[in-house]
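Worksheet: the structure to be examined is printed underneath.
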Amino acid sequence: MTTAVDFFFDPVCPWAWITSRWVVEVGTQREIDVHWRFISLRLLNADKDYAIHFPAGYPEGHTLGLRLLRVAAAVRDAAGNDAVGRFYTELGQRIHRPGAGLMDLPDGGLAAALAAAGLPAELVAAQDDERYDAVVAEETELARERAGRDVGTPVLTFAGPGGPSFFGPVISRIPRGTEAVELWDATEKLASFPGFAELKRAVRETPQLA
């Protein structure tokens, strides 16, 4: 049986990237239909003072995420959902390399990601097209409606669009093979219990991006 999943991501978030690679890994072993959707860290934090709440560089990083989501929205318009997944994969491999910084998308990296995903080079221009902000804002709000106002990235919906949603899971390494499926089954089981709200620990490993 195919499981439908809505996966809300911001391309610059390393935690969303790791979780997305877990979902892709599970998809090699289970029938999963992933709908790639948008949630902008810049929009989530629009009412916060970056100088107080975030380290240096985060305003630029979150703004980059919004610009890349504009391109992802243009990709979806032009080529559909699966193309968004390919584009996100190519972006993530460039942004979230071990040792890379939050803003480390080299000159030409966006064009290279589009080309590697088999997409038209002219979609680069969408990064400056604020018309796409409406759909990014709409989906960001949808993620918050599903998972709560105080969430980050990623947001995952099982059996979307009407199934259970939550922020996370936030994981610091990419499970592979049997371990990936075991974590998937446990996560899906927790999500399916209507009374489940939160399971959290604040201690985190450094993200292991590879």
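The values are calculated or read from the model by the stated rules, or taken from the named source; none is laboratory data. Just so it is clear, the model here is predicted, and its values are computed rather than measured. All Cβ positions, even for glycine, are placed from backbone atoms using ideal geometry, and neighbour counts span all protein chains on display.
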Checklist entry - Before we move on, is Leu119 in a loop (DSSP other than H, G, I, E, B), at pLDDT 95 or above and under 27 Å from Glu25 (Cα atoms)? => result yes
Next on the checklist: What's the total number of residues in the range 164-203 that are without any contact (Cβ under 8 Å) to a residue 60 or more places away in the chain and within 19 Å of the chain's Cα centre (by Cα)?
Outcome noted: 5
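A quick yes/no check of all residues on (1) surrounded by 12 or more Cβ atoms within 10 Å (Cβ to Cβ); (2) acidic (Asp, Glu); (3) more than 21 Å from Arg76 (Cβ to Cβ):
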{"residue": "Ala126", "(1), (2), (3)": "yes, no, no"}
{"residue": "Tyr132", "(1), (2), (3)": "yes, no, no"}
{"residue": "Pro194", "(1), (2), (3)": "no, no, yes"}
{"residue": "Lys200", "(1), (2), (3)": "no, no, yes"}
{"residue": "Glu205", "(1), (2), (3)": "no, yes, yes"}
Checklist entry - Any chance the range 28-35 includes a residue that's touching a residue at least 60 places away in the same chain (Cβ under 8 Å), within 20 Å of Phe167 (Cα to Cα) and basic (Lys, Arg)? => result no
Next on the checklist: Among the listed residues Arg131, Arg173, Arg146, identify the single one that is farther than 16 Å from Ala16 by Cα, of a type outside the set (Gly, Ala, Ser) and either modelled with pLDDT under 95 or touching a strand residue (DSSP E or B) at 6+ places or on another chain (Cβ under 9 Å) (or both).
Outcome noted: Arg146
Next on the checklist: Between Thr187, Thr178, Thr206, Thr157, which is among the polar types (S, T, N, Q) and more than 23 Å from Thr28 (Cα to Cα)?
Outcome noted: Thr206
Item to check | Boolean, Ser172 is under 16 Å from Trp15 (Cα atoms) and touching an Asp or Glu at 6+ places or on another chain (Cβ under 8 Å) | outcome: yes
Checklist entry - Got at least one residue in the range 187-195 being out of contact with any strand residue (DSSP E or B) (no Cβ under 6 Å at 6 or more places or on another chain), closer than 21 Å to Ile39 by Cβ and of a type in the set (Phe, Trp, Tyr)? => result no
Checklist entry - Which fully enclosed helices (runs of 4 or more DSSP H) of the range 1-79 have 3 or more residues being touching a strand residue (DSSP E or B) at 6+ places or on another chain (Cβ under 7 Å)? => result 14-27, 58-79
Checklist outcome for this item: The residue that is surrounded by the fewest Cβ atoms within 10 Å (Cβ to Cβ), considering only those in the range 146-163 that are of a type in the set (Gly, Ala, Ser) and free of Cβ contacts under 8 Å to residues at least 24 places away in the same chain, is Gly162
